[in-house]
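Structure, as structure tokens:
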Amino acid sequence: MAKQVPKEFYQLLREIQEVDFVLLELNLYLDTHPDDYDAIEQFNNFSQRSRELKINFEQQFGPLMGFGASYSNYPFDWGNTPWPWQV
Amino acid sequence: MWYYEKKLQYPVKVSECNPMLAKFLIEQYGGADGELSAALRYLNQRYSIPDKVVGLLTDIGTEEFAHLEMIATMVYKLTKDATPEQMKAAGLGAHYSNHDKALYYENAAGTPWTAAYITAKGDPIADLYEDIAAEEKARATYQWIINLSDDPDLNDGLKFLREREIIHSLRFREAVEILIEERDRKKIF
């Protein structure tokens, strides 16, 4: 079962969810509007912001992504709780 | 390939244990117009559709898996503390006798998911029109479930998902325009 997570976990995760939602929306929009320069600029800026937020989150709460897209601590902490449905 | 990210697309909360809402909601998990059907439909269409819309099908198909995970989280949270008596009272006695609290790809009436829910016609316009119809049907289903639900936390997540169907439908309609434009250009030259 999931262990108790601090309040900051939810705050930081929420911020990541917000930024990643902007990226997902821009991605779908750009799939059908590939020539929109301003939207691409926004997309790249938010992509940078997402990376920064995730580095900070992962230093405190462990890896967000599997298969080496995130670094691991010792011991291997990918399988640590909480999983997304446990919070 | 795909990478798993340990987060939901949008936070999922439920106010209280409510297995009857879970029974309604399973329609969007393993029903004809549910998220599993959507994800598998779009990702499967990619191989035979013109290059111009493969990116969109890949991205919407991928987002549908994130929605599937949100629905699973809702069903899990609505049922995890339910007693067998509560499951039975909610109309989930048959589900409980077969699956305990395990999730299962079935619709609200308990019929297992089938590939017969989705088609692959190989005709780009026919396939995209099916996708648009699927999004509108999923949007309507979310509305019916919201109408049945009195859980404000659950409804917050359901409203997010309902809005996503509207965006997907819009993008698929743009994809149709892109393909029609490309076809007409080929005729001119």
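Assorted remarks:
- The Cα center of the stretch A:62-85 and the Cα center of the stretch B:36-86 differ in position by 23 Å.
- Classification of the stretch A:7-59 by its C-alpha gyration tensor yields a prolate form. The axis ratio a/c (a ≥ b ≥ c) is 1.5 or more, and a/b outweighs b/c.
- Look at the alpha carbon pairs under 8 Å that are at least 6 residues apart: their mean separation over the length of the stretch B:1-113 gives a relative contact order of 40 percent.
- Restricting attention to the stretch B:23-98, the count of lysine pairs at 8 or more positions apart or across chains with alpha carbons under 22 Å apart stands at 5.
- Take every pair of alpha-carbon atoms less than 8 Å apart whose residues are at least six positions apart; their mean separation over the length of chain B yields a relative contact order of 31 percent.
- Size of the A/B contact, given as accessible area buried on both chains, probe 1.4 Å, in Å²: 2500 Å²
- Taking Cα atoms only, the orientation of helix B:124-148 departs from the longest principal axis of chain B by about 30 degrees.
- Under-5 Å amide H pairs with B:Glu106, H placed in peptide plane, nonlocal only: B:Gly30, B:Trp113
- Per-residue ellipticity at 222 nm, computed for the protein assembly as shown from helices alone with -39500 (n - 2.57) per DSSP H run of at least four residues, works out to -21000 deg cm²/dmol.
- The stretch A:1-69: relative contact order as a whole-number percent, Cα under 8 Å and 6+ apart: 38 percent
- Counting Cβ atoms of other protein chains within 10 Å of each residue's Cβ and taking the mean over peptide B:60-66 gives 2.
- The mean number of Cβ atoms from other chains found within 10 Å of a Cβ in peptide A:78-87 is 4, as a whole number.
- Between 0 and 90°, nearest 10: helix A:37-61 axis offset from chain A longest Cα axis: 10 degrees
- On Cα atoms only, tilt of A:7-32 relative to the major axis of chain A in degrees: 30 degrees
- Per residue, the stretch B:1-110 exposes 43 Å² of accessible surface when a 1.4 Å probe is rolled over the protein heavy atoms with every protein chain present.
- Accessible-area composition of the protein assembly as shown, carbon plus sulfur, in percent [1.4 Å probe]: 56 percent
- Take B:124-137, B:61-74 and order them by the average number of nearby Cβ atoms within 10 Å per residue, most first; the result is B:61-74, B:124-137.
The values are calculated or read from the model by the stated rules, or taken from the named source; none is laboratory data. Here the structure is a predicted model, which means the values were calculated and not measured. Note that we place each Cβ from the backbone using ideal geometry, even for glycine, and neighbour counts take in every protein chain shown. The accessibility values were calculated without ligands, DNA or RNA, using every heavy atom of the protein model including side chains. Shrake-Rupley method; radii C 1.70, N 1.55, O 1.52, S 1.80 Å.
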